[in-house]
Amino acid sequence: MRTPGPLVLDAAAWLVFAVLFVGAALLVKAAAVLLVVLVVLALLLGLVLRVLRRRRRRGRAPR
């Protein structure tokens, strides 16, 4: 049984490297999108809490 030539092994190594590189790039992109979504949700939560706090303060009768 013959072993594959060095050119085939080189091509296979480059293919594995390319697949790993693309996978890592996609993971980084997904992490960045998730981070942006979490920041936007945190800002919206802060805005909603601020509005609710102001509305509750305005609705009470003075003592």
Quick one: 3J(HN,Hα) in Hz for the range 13-18, Karplus 6.51/-1.76/1.60 with θ = phi - 60°, rounded, Gly and Pro as x.
5, 5, 5, 5, 4, 5
Multiply the residue gap between Trp14 and Val36 by 0.36 nm, knock off their C-alpha separation, and tell me the result in nm, one decimal place.
4.6 nm
Let me have the 222 nm mean residue ellipticity of the chain computed from DSSP H runs of 4+ only, each contributing -39500 (n - 2.57), with the sum over all residues rounded to the nearest 500.
-32000 deg cm²/dmol
Give me the dipole magnitude in Debye, nearest 20, for the chain about the Cα centre, with unit charges on the beta carbon: positive for Lys and Arg, negative for Asp and Glu.
1460
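Bear in mind that the values in this text are calculations on the coordinates, not laboratory data. What you see is a predicted model; the values in this text were computed from it and never measured. With ideal geometry, Cβ positions are generated from the backbone for all residues, glycine too; neighbour counts draw on all protein chains shown.
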